Amino acid sequence: MPVDASDARPVLELERATKSFGAVRAIVDGTITLYRGEAHALVGENGAGKSTLVKILAGVHAPDSGDLRVDGIDVHFRGPADARDAGIAVIYQEPTLFPDLTVAENIFMGRQPVRAGRRIDRRAMNSAATEIFTRLGVVLDPDRQARGLSVADQQLVEIAKALSLNAQVLVMDEPTAALTNVEVDRLFGVVSTLRSHGAAVLFISHRLEEVFEACQRVTIMRDGAFVRTDPIEMLTVGDVITAMVGRKLDTMFPKTPSHPGDVVLEVRGLSRTGIFSDISFQVRRGELVSLAGLVGAGRSEVARAIFGIDHATAGSVTVDGKPLRLGDPLAAMAAGIALVPEDRRQQGLVMGLGIDRNVGLASLRRLRRRGLIPRSAERLLAEDWARRLQLKFARLTDTVSTLSGGNQQKVVLGKWLARDPRILIVDEPTRGIDVGTKAEVHRMLDDLTSQGIAVLMISSELPEVLGMSDRILVLREGRLVAEIGGSDATETSVMRAATGQEAA
Amino acid sequence: MTATLSPPRQGHTRFARAGFLMRVRELGIVLAIVLVFVAATSVNPAFARLDSVQQLLIGASIIALMGVGETMVILTRNYDLSIGSILGLSAYVIGMTFRAHPGTPIVLGFLIGIALGAAIGAINGWITTALRVPSLVVTLAMLYVIRGVDGVIVNGSIIGSDVVPRSFQAVGFATLFGIPWMAIIVVVVVAVAAYSLRSFRWARDLYAIGSSPEAADLAGIPAGRRVFTAFVVSGALAGLAGALFLALYAQIDVNGGTGYEFLVIAAVVVGGVAIFGGSGTVAGAALGAFLLNTINQALVATRISAFWNQAIAGALLLAAIAFDQWLKSRMTTKLQLEKGALREQSSD
Ligand SMILES: Nc1ncnc2c1ncn2[C@@H]1O[C@H](COP(=O)(O)OP(=O)(O)OP(=O)(O)O)[C@@H](O)[C@H]1O
Ligand SMILES: [Mg+2]
């Protein structure tokens, strides 16, 4: 049971911390107090400073000023090892795995179980990893390389790593962004067990339902500053959003009626051995079609095959009736297709380049003047999209690696939208994006369709799928199992099809 | 809420095993060695004679020995270009000691070489980690600094077989049951290193640092200390290699060991150590050294111009890097296809 906050001593306190990166003041008042046995949510818009606060607790960043206390004692972490030794385990927003090492090694790096002579006991290590995965309700080979793991699986490894520390404070920066519902439930189950053993949990998420489901108290940040901390039952979702954004906000954008035109994208019998088979559908001008289904159903893989990143083993794709050369992303781009990938950090951004360069990257042909790319044109384009996506940044020339997680997502979105595609494929368009901008992204997708662009959207968020789609195609284990009209669809009908529990 | 376990996708699992790639790689090198050996023997049967095979082992020994240290450095995404110079200086300093104090015990000769190499390695490691200068620059500079110092000390003189004690030279030619002592020493070093790199936490840290420096920082791995250690080991082994070099040739001049750093790096990379760190084994590196040396001597035995030797070594290096890149991208695709977590799925 949660300990009563009034008389218990906090296990971790951060008070009036500040942190600047050059001219960027990431945190102006970082304040948070964690108690044993309590799950504490930290919410705020993209770029509010949540991850920076986490990194201060983790010993990655030293605060410029402010106090950090563990069990009432002032501490100054010199590095992540210090924080770990103080009993703080952290799941970072971006997975930080060693691709060449095995899953088990990733979990136990530097703390591997040893036998006589301080030699690593691989068998014990692998079975300890398996045991943690069992607690999480998944089966993952501990002896496989981390290279090639999906974002969701990487996240699972990160969670296992944090759990293996048996820490007194567990900090989780958007751990659920890529997980399925069941895994989220499992994770919350594990979290509440940890709480009952006296651990404190700090949980960051943009999905407010999760916050209300799993946490007892919530701290809200805005523009790097502490706004308020309250017991969760004192607040409504609306209160939280208002405090986060500083104004009232509609969370859902109402879809405008669409008028689909001719077929632009036609997929026929598309297959990739072992992944998906015999996928056929059409998308019309001005239509938004969703690919729904569970994580792992093959939705992203279908998108990647259409765009030519992966080879299809059978089938064809036509654009405006003209066959598209498969397995050739350049041909797909020339035909007017744009793909916003799921794994944006690895597949969508050049981390070391500036925001302006990244936004312009997919539109170089259009920006080119006499063989050169004028920086001014790039800048104009980037400025425009930064404004439309409410990007939080210091200068357009800053490298994207300095942006917050959600703002990086926005840059990828901007990069492909700036291309003026005729067919837009978006994979999880609002993952990691805050509630305020989510509605903005929805409005933009709606705008695009009313301009006659065909949109194929992949999303695991059912409200988004139901609210935005003209038609919903449901994939299950690599097969197209249902097509549901946008207005006929309900959560139940989509989930039934996705899990294979239809009556028919 | 009902939960079902989705069916696992079959096949592929062997690709996921971390060691699989390495084993394939090492098997490939062994195969190549056998091929070259058979081909050379069919042209010149003398190639398979005992003394010729002993030469194959001895010739590969020094490169393989330095390859152990270089592997540890490259695993961390660093490079040690100073080892050829260290070898030369170490051999010369040992030789000078024997000249000045003819009664010096031979073990002391080895220790001097190792200590000298370790000291230079410590300087390399310190500048790289404490001052954060890229190791490529640090060790390249060190290569020239040592050559310069070498030139000043040597000052035109040559250490010849008259000053190197017979018992010291014996390490270079003596055999045990037909196996050269040099090869035995190197095999022991390689075996100890191979076992250590698999079995100890500090050694796994080396792989982690090279695999993802950022993740290594977040995991609290003392990267500076580990990289420093790798340079010290690399230097020490190059110093030991200097002692073996002197024992083998019984003479050393100012050019001794020139260009060895590139031979060693070629051997290590051909042996499957990733040039950007994170993966590879010392056994592979040693096999790489043996392959390059076998090709070298096969060319001599079959009377093909020695110029081909360098061209072949270079081509092999390019082929190894290209092959590794290709294999890596294949592996990534394969691993992606491999259904990662077998997960429960629900209908809520
Ligand atoms: N290393 C850095 N250099 C420069 N600026 C940085 C750096 N790290 C963070 N920032 C800036 O600090 C601010 C806060 O970023 P932070 O990552 O903490 O946001 P966040 O609340 O986690 O957002 P999100 O919900 O998008 O993950 C952002 O404006 C970001 O650009
Ligand atoms: Mg963040």
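We did not get these values from a lab; they are worked out from the coordinates using the rules stated. Every value quoted in this text rests on a predicted model; they were computed, and no experiment measured them. Counting neighbours? That spans all protein chains shown, and the Cβs are built from the backbone with ideal geometry, glycine included.
Entry for the stretch B:106-261 at q = 0.10, 0.16 Å⁻¹: log10 I(q)/I(0) = -0.46, -1.02, Debye formula applied to identical alpha-carbon scatterers, no solvent contribution.
With Cα atoms as the point set, the stretch B:23-331 shows a radius of gyration and Dmax of 19.1, 59 Å.
If we count other beta carbons within 10 Å of each Cβ, what is the order of A:H442, B:H101, fewest first?
On the way: A:H442 20, B:H101 10.
Listed from fewest to most nearby Cβ atoms, that is B:H101, A:H442.
Diagonalising the gyration tensor over the Cα atoms of the stretch A:351-420 and scaling each eigenvalue by 5 before taking the square root yields semi-axes of 19, 12, 10 Å, largest first.
Note on A:W385, B:W181: ascending count of other Cβ atoms within 10 Å places them as B:W181, A:W385, the fewest first.
With +1 on each Lys and Arg Cβ and -1 on each Asp and Glu Cβ, and nothing else charged, work out how big the dipole of the protein assembly as shown is about its Cα centre, in Debye to the nearest 20. Mind dumping the intermediate values first?
Working: 84 positive and 79 negative charges, 416 e Å.
It works out to roughly 2000 debye.
Across peptide B:217-226, the mean count of Cβ atoms from other chains lying within 10 Å of each residue's own Cβ comes to 5.
Between the residues A:L480, A:M495, A:P231, the greatest Cα displacement towards the positive end of the dipole of chain A, with unit charges on the Cβ of Lys, Arg, Asp and Glu, is found for A:L480. Relative to the longest principal axis of the Cα atoms of chain B, the long axis of helix B:106-130 lies at roughly 50 degrees. Using only alpha-carbon positions in chain A, the gyration tensor eigenvalues give semi-axes of 39, 27, 23 Å once each is multiplied by 5 and square-rooted (largest first).
Determine the alpha carbon to alpha carbon distance for each of A:K415/B:K328; A:K415/A:K438; A:K50/A:K161; A:K55/B:K328 and list only those over 27 Å.
A:K415/B:K328; A:K55/B:K328
Let me check against my output: what whole-number percent is the relative contact order of the stretch B:23-331, with C-alpha pairs under 8 Å and at least 6 apart? Intermediate results must be reported in sequence, preceding the final value.
Numbers: 530 pairs, mean separation 110.9, N = 309.
For the stretch B:23-331, the relative contact order is 36 percent.
Over the protein assembly as shown, DSSP H runs of length four or greater, each weighted -39,500 (n - 2.57), average out per residue to a 222 nm ellipticity of -15500 deg cm²/dmol.
On the principal axes of its alpha-carbon atoms, the protein assembly as shown has extents of 97, 70, 56 Å, going from largest to smallest.
Averaged over the residues of peptide A:150-159, the number of Cβ atoms from other protein chains lying within 10 Å of each residue's Cβ is 2. Build a GNM of chain B with springs between Cα atoms under 10 Å apart, and of B:L27, B:L206, B:L244 the one that fluctuates most is B:L27. Put simply, the Cα atoms of the stretch A:279-338 extend 31, 27, 19 Å along their principal axes, the longest span coming first.
Backbone phi angles across the stretch B:216-232, fed through the Karplus curve with coefficients 6.51, -1.76 and 1.60 (θ = phi - 60°), yield HN-Hα couplings of 5, 4, 5, 7, x, 6, x, 4, x, 4, 5, 5, 4, 4, 4, 5, 5 Hz in residue order; Gly and Pro are listed as x. Each of the peptides A:194-205, A:271-282 was scored by the mean count of other Cβ atoms within 10 Å over its residues; in descending order, highest first, they stand as A:194-205, A:271-282.
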